[in-house]
Every structure is written in structure tokens, then in C-alpha cells.
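The values are calculated or read from the model by the stated rules, or taken from the named source; none is laboratory data. Because the structure is a prediction, the values reported are computed rather than measured. When we count neighbours, we look across all protein chains shown, and the Cβ atoms used for this are built from the backbone with ideal geometry, even at glycine. Accessible surface areas use protein heavy atoms only, side chains included; no ligands, DNA or RNA. Shrake-Rupley method; radii C 1.70, N 1.55, O 1.52, S 1.80 Å.
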Amino acid sequence: MKRVVYSGTFDPITNGHINIIERALKLFDEVIVAVAESKEKNTMFSLEERVLTIQKATDKFGKVSVKPFRGLLVDFLKDEGTDFVIRGLRNGVDFEYERDMHYANRSIYEKIETVYLNSKIEDSFVSSSVVRTLIRYNGSIAHLVPSEVLELVNSK
Ligand code: COA
């Protein structure tokens, strides 16, 4: 049974992230979405809100579990008993960043394997910070996020 960790801050989760999860399920038996606390990022949504929203948005897929994490990604991997991480690449900047992250992680845990999926071209401009900016200024986000994020925003 191959399990993969999809880590991120997901503040909030976007359709780009959802697409990576759906495609990861074709490669792995289970996707564990690891939601980083990311205290230093001063997130718009609390860790609990992000975890709950992703749980609701991924419930229909089955074989997705959503867990909060604090600390190092490699420690989370060890706790989960898997060495695989999946990441989405939107552009060359993502690639450069992800390559350095992979080497940093590998320098402390040599068993780690990172699998990269290219984002859909129409998602290549989507980021959580674009979504947050639109939320702040009452712009439409319905085309960028799952409906569960809209519900969260409307509830606040
Ligand atoms: N579709 C849409 N957006 C995407 C995306 C995709 N497929 N892939 C990435 N993004 C966006 C994210 O929404 C985020 O947007 P934002 O910066 O506008 O908010 C941005 O790209 C960066 O995302 P990500 O790479 O997931 O970074 P992150 O900060 O959300 O999460 C951690 C990074 C938490 C996974 C990483 O820092 C980590 O593992 N931290 C733990 C400490 C550690 O072990 N560090 C490594 C050793 S030094």
C-alpha cells in the first residue's frame, strides 16, 4: 500500500491543490494532506479551519486523510511511515524552490522521495495569496477554490 504526503499551508486550499490531490490518487493508494501550522506566515485561516475545510472538500475522493502538522516535514513522514512526498509545479520558479526543499529535506532524511506533478496550465497563476487578496477586497473567488472555501469565507 503506497501512501504519499501532500504538504502545504493551504491558506486556503485552491482548485490547483485539489487537482494535484486527484491526480496523486491515481499514483498512490492514499494521500495524506499535511496541513502546516506555518505560524510565521500569519495565516488568514486557523489551522483548524484549514484542516476541516480540506476534509470536507476531499471527502468525496475517499482515500484522502487530512492531518495538521507542526515541525519538520521529514518527522511527519517518519510518523506516518512513508517516504513519499508529492508537490505541484506551476512554473520554473516553483521548480527551483522545490528542488532546494528536496535537497534540504534529503540532507536530514536520505530516504525521502519527492514526486512532482505539473499543474494544469489554467491553474498556473493560482496561489493561496491571490485568493486571499481577492477575499480582502471582495473579489470573486468561486472559479479558484472548492465550494467549501466559499462556505468558510461566507461564514466569517
Ligand atoms: N496550485 C495552487 N497553488 C499552489 C500549488 C498548486 N498546485 N502549489 C503551490 N501553490 C501555492 C500555495 O498556495 C502557496 O501560495 P501562497 O504562497 O500564495 O500562500 C505557495 O504556492 C507555496 O506553497 P507551498 O510550497 O505549499 O508552501 P507552503 O508555505 O504553503 O508550505 C511547507 C511549505 C509547509 C510544506 C514547507 O515549508 C515545510 O515542509 N515546512 C516544514 C518545515 C520543514 O520541514 N522544512 C524543510 C526543511 S528546512
The one condition S107 fails out of (1) of a type in the set (S, T, N, Q); (2) touching a residue at least 24 places away in the same chain (Cβ under 8 Å); (3) open to solvent by 70 Å² or more (accessible area, probe 1.4 Å) is (2)
Scan (1) surrounded by fewer than 15 Cβ atoms within 10 Å (Cβ to Cβ); (2) under 19 Å from A24 (Cα atoms) for the single condition H143 breaks and write down its number. (2)
Would you please name the residue that is nearest to K26 (Cα to Cα), looking only at residues in segment 74-104 that are open to solvent by 30 Å² or more (accessible area, probe 1.4 Å) and among the hydrophobic types (A, V, I, L, M, F, W, C)? F84
Pairs, first more than 15 Å from the ligand (Cβ to nearest atom) in segment 55-84, second part of a helix (DSSP H, G or I) and of a type in the set (S, T, N, Q), C-beta under 8 Å, six or more apart: V64/T58
Given (1) under 21 Å from S155 (Cβ atoms); (2) open to solvent by 50 Å² or more (accessible area, probe 1.4 Å); (3) of a type outside the set (A, V, I, L, M), where does T58 come up short, assuming only one miss? (2)
S124 meets each of (1) more than 18 Å from the chain's Cα centre (by Cα); (2) at pLDDT below 95 with one exception, condition (1)
From the residues in segment 12-37 that are surrounded by fewer than 16 Cβ atoms within 10 Å (Cβ to Cβ) and in contact (Cβ under 8 Å) with a residue 12 or more places away in the chain, which one is nearest to M1 (Cα to Cα)? D29
